[in-house]
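Shown next, in structure tokens, is the structure this report addresses.
The values are calculated or read from the model by the stated rules, or taken from the named source; none is laboratory data. Just so it is clear, the model here is predicted, and its values are computed rather than measured. Every residue, glycine among them, receives a Cβ derived from its backbone with ideal geometry; neighbour counts consider all protein chains shown.
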Amino acid sequence: MTVRIAPSILSADFSRLGEEVRAIEAAGAEWVHFDVMDNHYVPNLTIGPLVCEAIRPHVQIPIDVHLMVEPVDALIPMFAKAGANIITFHPEASRHVDRSLQLIRDSGCKAGLVFNPATPLEWLDHVMDKVDVILLMSVNPGFGGQKFIPSTLGKLRQARARIDAHVAAGGQPIALEVDGGVKTDNIAEIVAAGADVCVAGSAVFGAPDVDGGYRGVMQALKQAAR
Ligand code: DX5
Ligand code: ZN
């Protein structure tokens, strides 16, 4: 299993977003990670469906929309229309988790749940068949550039065991994504713990090549993960 890298554009140059997403795709990024913050569920404010629509024509790879918003549902069809491929949300932020997951799938996107460091995996118990992505936060959501919380490794192993058991019982495949503080010096243990998609914001956009591309750091991340 080779790891997929999802650079978080939270750390990109927002004045040149089109160029930045083209550069990460050219450097081998598998997904574009798109952090949506509402200054309510998290103490920061970022980008919405209009920006998703603006970057959509610049890349072929999936846009992975991470909703850090409360409430959740009204934004789902808007992001689907804006070209999102994957939409994940925090279960605490939705009154009706099952309905939100279904709404994402009905709008033609892959659906996922996001777990804060202190959010238990039990939220998965009755919705495994409706989840395409499990995203474990390895920092508290709201800001890029934070330090990886080590207890995420044990939680990753637990999530991996849940997914493997689900698939062995005939269930659909589920991606296991990790978000926050992923760097070249810890990606190996993160992947060994079971992650197959790694979000990396500051690690990627903070290490441009001399030509402004990101081939060097993307290669370094993938090599370290092997
Ligand atoms: C945090 C965001 C992350 C963040 C990751 O709330 O969800 O996607 O951008 O940034 P780094 O990789 O810098 O921790
Ligand atoms: Zn994120």
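Examine the range 127-147 for a residue that is more than 16 Å from ligand 2 (Cβ to nearest atom) and surrounded by 20 or more Cβ atoms within 10 Å (Cβ to Cβ), and state whether such a residue exists. Yes, the conditions are met somewhere in the range 127-147.
Between A192, A118, the distinction of being modelled with pLDDT of 95 or more, surrounded by fewer than 16 Cβ atoms within 10 Å (Cβ to Cβ) and under 18 Å from V3 (Cβ atoms) belongs to A192 only.
Residues that are more than 12 Å from ligand 2 (Cβ to nearest atom) number at least 2 in the following strands (runs of 3 or more DSSP E) confined to the range 1-110: 4-7. Going by the conditions given, is T46 under 30 Å from A188 (Cβ atoms), at pLDDT 95 or above and more than 13 Å from the chain's Cα centre (by Cα)? Yes: the conditions hold for T46.
For the range 188-203, a residue qualifies if it is in contact with a helix residue (DSSP H, G or I) (Cβ under 8 Å, 6 or more places away or on another chain), away from ligand 2 (no atom under 16 Å from the Cβ) and on the phi < 0 side of the Ramachandran plot, and the qualifying residues are A188, E189, V191, A193.
Evaluation of T152 against the conditions (1) buried (at least 16 other Cβ atoms within 10 Å of the Cβ); (2) closer than 11 Å to P91 by Cα; (3) in contact with a strand residue (DSSP E or B) (Cβ under 7 Å, 6 or more places away or on another chain) shows that the sole unmet condition is (2).
Do we have T46 as under 27 Å from H126 (Cα atoms) and within 13 Å of ligand 1 (Cβ to nearest atom) here? Criteria not met by T46.
Number of residues in the range 88-99 that are buried (at least 23 other Cβ atoms within 10 Å of the Cβ) and farther than 11 Å from E70 by Cβ: the value is 1.
Inspect the range 204-214 for any residue being surrounded by 17 or more Cβ atoms within 10 Å (Cβ to Cβ), within 16 Å of ligand 2 (Cβ to nearest atom) and touching a residue at least 24 places away in the same chain (Cβ under 8 Å) and give the result as yes or no. Yes: the range 204-214 contains one or more residues that are surrounded by 17 or more Cβ atoms within 10 Å (Cβ to Cβ), within 16 Å of ligand 2 (Cβ to nearest atom) and touching a residue at least 24 places away in the same chain (Cβ under 8 Å).
Given the conditions (1) more than 27 Å from K110 (Cα to Cα); (2) out of contact with any Gly (no Cβ under 9 Å at 6 or more places or on another chain); (3) surrounded by 22 or more Cβ atoms within 10 Å (Cβ to Cβ), and given that V217 satisfies all but one, which numbered condition is not satisfied? Going through (1) more than 27 Å from K110 (Cα to Cα); (2) out of contact with any Gly (no Cβ under 9 Å at 6 or more places or on another chain); (3) surrounded by 22 or more Cβ atoms within 10 Å (Cβ to Cβ) one by one, V217 breaks only (2).
Considering the conditions (1) under 19 Å from K110 (Cα atoms); (2) crowded, with 16+ Cβ neighbours inside 10 Å, G170 is excluded by exactly one of them, (2).
Yes/no per residue for (1) within 16 Å of ligand 1 (Cβ to nearest atom); (2) more than 16 Å from C198 (Cβ to Cβ); (3) at pLDDT below 95:
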{"position": "H90", "(1), (2), (3)": "yes, yes, no"}
{"position": "R99", "(1), (2), (3)": "no, yes, no"}
{"position": "L124", "(1), (2), (3)": "no, yes, no"}
{"position": "D129", "(1), (2), (3)": "no, yes, no"}
{"position": "M137", "(1), (2), (3)": "yes, no, no"}
{"position": "V167", "(1), (2), (3)": "no, yes, no"}
{"position": "A175", "(1), (2), (3)": "yes, no, no"}
